[in-house]
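This report refers to the structure that appears directly beneath it.
The values are calculated or read from the model by the stated rules, or taken from the named source; none is laboratory data. Since this is a predicted model, take the numbers as computed values, not measurements. Neighbour counts run over all protein chains shown; Cβ positions are idealised from the backbone, glycine included.
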Amino acid sequence: MRSRIAPVALIALLSACSGSTPQPVAEPAPPDTQRIPIGQLPSIDMNAVLSHTRVLSSDAFEGRAPGTKGEEVTVNYLVDQFKRVGLKPGNTDGTYIQKVPLVGITPTPAPLVLRKGPAQQTLKWKDDVVAWTKHVAETASLDNSELVFVGYGVVAPEYNWDDYKGLDVKGKTLVMLVNDPPVPDPSNASELDPKTFGGKAMTYYGRWTYKYDIGAQKGAAGVLLIHETGPAGYPFSVVQGKIGEQFDLITPDKNMGRAAIEGWITLDQGRKLLKMAGQDFDALKQQAATREFKPVPLGVTASMTLHNKLRTIDSKNVLARLDGGDPKLKDEFVVYTAHWDHFGKNADGIFHGAEDDALGCASLIEMARAFTKLPAPPRRSILFLAVTAEEQGLLGSQYYSVTPIYPLAKTVADINMDSWNVHGRTKDLTLVGYGASDLDDYARDAAGEQGRLVHADAEPEKGFYYRSDHFNFAKQGVPALDPDGGMQFIGQPADYGQKMRDEWNEQRYHKPADVVMPEWDMTGTREDVKVFFAIGYRVAQADKMPEWKPGNEFKAKRDAVLKGAK
Ligand SMILES: [Zn+2]
């Protein structure tokens with residue numbers, strides 16, 4: 001689960017548009033000829049959801065870290081529950097398991113040394129620099145690698161944008177800014193151009209994962225991002241959480257196609273580095289927001305050697321299938337995802353991960369049960385997928401999406417459940433990246449039947465859409481929904497939602513204290529889960545597959561996948 005830091009703007013948005021009662025937006029309903037009203041769909045047993053959550057987040061499950069005893073008991077529990085519900089094995093090999101080979105790499109702390117002539121600047125591990133390697137090797141290093149500032153490091157043909165301008169950066173170390181290039185709106189310079197990189201909203205080009213991907217494609221030896229709290233969406237302390245063991249998938253080339261060293265440096269060190277190069281951070285940052293920007297060789301070299309501890313493990317995705325009832329459509333799948341993994345245990349204690357995301361797995365089980373109680377099976381099949389290693393960088397879902405059990409062209413939607421409201425009923429429901437696909441219309445309709453209003457997340461600039469498992473489906477073109485809880489609590493003061501969110505971020509998010517609490521109020525959770533159920537059910541029933549909305553960044557991929565399947 002991603003954290004939610006200070007969505008103040010949402011309060012403004014809600015009070016600006018709500019007046020006294022939220023008004024559902026009048027738009028045509030999605031094509032759906034066989035609709036059961038949400039109130040008449042089989043109910044979901046929230047006591048059962050709560051009791052699964054208690055079990056999965058109990059001490060006996062040891063924080064559910066991949067490759068530990070915690071994984072074993074978790075996977076066994078999920079498989080057992082899916083069997084009890086009466087679901088079929090989700091893997092075509094007759095099992096409920098998809099093996100996910102992972103490598104765990106732990107670097108020993110090392111400094112990053114920058115040199116220009118006789119001048120030298122040493123960045124301290126963790127305080128100034130956080131770096132790692134994805135190479136499956138005992139050492140990875142930069143050896144006096146030349147630094148090049150490449151602005152935002154973006155190549156986006158659809159925006160006619162290329163920060164490299166043909167410069168060969170093979171073997172060099174790229175220094176980049178995070179987020180999308182902030183391009184002003186030509187008609188209003190105080191706003192960002194909505195036609196370029198989504199305006200205020202962050203596109204995939206803005207995510208740190210993209211930066212390392214493009215660095216690898218360009219053959220760079222290293223990629224260093226200059227951290228800025230605003231554009232990144234989180235403080236450097238979050239980056240510092242990455243100094244320990246990191247897991248990754250293993251490619252046939254042992255990830256040698258990646259840059260040897262990937263990492264972040266603090267803004268302060270970024271400024272010092274550019275000063276050392278005779279440049280000015282703010283001036284370069286300004287240039288980087290233009291199409292005319294050209295990469296700037298800094299005349300500085302970087303050296304760093306990481307010694308790694310390596311281990312490989314076979315982790316597991318758990319998957320279970322409910323067969324569709326329509327002979328033509330049953331080969332098509334609606335996928336529900338939640339992640340079973342969490343952070344395990346350390347000196348601080350057991351990371352229970354009750355909200356994150358034991359509750360999601362519990363909901364998968366009980367939603368599956370509700371699907372079996374429909375008067376007739378849905379037309380399309382439903383896949384319930386509990387993935388591993390979300391907390392390690394969405395790895396289980398990545399593995400499924402690039403090694404799918406069922407063809408992506410036949411995978412009609414992913415509905416992800418990794419963000420919860422446990423504080424009572426709300427007048428609203430948040431859809432991260434609202435407007436991305438037809439799934440949002442389904443969500444709007446279902447929530448509307450409960451008298452609730454849907455809206456986008458308050459901080460599209462933080463790119464939350466790219467931060468949970470549904471994103472791996474989106475990347476492969478599958479329309480994917482990323483719902484989040486509401487913010488306007490019935491019978492509570494206007495700032496209650498924000499208070500609950502702040503409390504979560506400060507006290508429980510990714511901490512051992514994420515446990516089932518006696519004060520949890522599941523009445524709002526019940527409504528949310530019911531909406532997710534209605535969406536999946538109706539998508540499974542509809543004549544037409546859901547699509548990305550025109551202009552969406554994943555639409556081209558979907559079109560290509562569907563065309564390739566014909
Ligand atoms: Zn999480």
Conditions first: (1) more than 22 Å from residue 465 (Cα to Cα); (2) crowded, with 22+ Cβ neighbours inside 10 Å. Residue 227 passes all but one, so which condition is the exception? (1)
Could you tell me which of the residues 277, 302 is over 30 Å from residue 538 (Cβ atoms), more than 16 Å from the ligand (Cβ to nearest atom), surrounded by 24 or more Cβ atoms within 10 Å (Cβ to Cβ) and at pLDDT 95 or above? 302
Evaluation of residue 505 against (1) farther than 27 Å from residue 450 by Cα; (2) more than 16 Å from the ligand (Cβ to nearest atom) (one fails), failing number: (2)
Can you work out which of the residues in segment 370-390 that are over 17 Å from residue 333 (Cα atoms) and touching a Gly at 6+ places or on another chain (Cβ under 8 Å) is farthest from the ligand (Cβ to nearest atom)? 388
Can you say whether residue 364 is within 21 Å of the chain's Cα centre (by Cα), within 20 Å of residue 41 (Cβ to Cβ) and part of a helix (DSSP H, G or I), as far as the supplied structure shows? yes
Let me spell it out: the conditions are (1) farther than 18 Å from residue 314 by Cα; (2) loosely packed, with under 15 Cβ neighbours inside 10 Å, and residue 76 meets all of them except one. Which number is the exception? (1)
I'd like to verify a number: residues in segment 330-363 that are touching a residue at least 12 places away in the same chain (Cβ under 8 Å), of a type in the set (A, V, I, L, M, F, W, C) and more than 16 Å from the ligand (Cβ to nearest atom), how many? 3
Of the residues 536, 491, 551, which single one is away from the ligand (no atom under 16 Å from the Cβ), without any contact (Cβ under 8 Å) to a residue 12 or more places away in the chain and either part of a loop (DSSP other than H, G, I, E, B) or under 21 Å from the mean Cα position of the chain (by Cα) (or both)? 551
Given (1) more than 30 Å from residue 311 (Cβ to Cβ); (2) touching a Leu at 6+ places or on another chain (Cβ under 8 Å); (3) at pLDDT below 95; (4) not hydrophobic (A, V, I, L, M, F, W, C), identify the lone condition not met by residue 35. (2)
For segment 499-518, state whether one or more residues are under 19 Å from residue 233 (Cα atoms), of a type in the set (Ser, Thr, Tyr), under 20 Å from the mean Cα position of the chain (by Cα) and buried (at least 22 other Cβ atoms within 10 Å of the Cβ). no
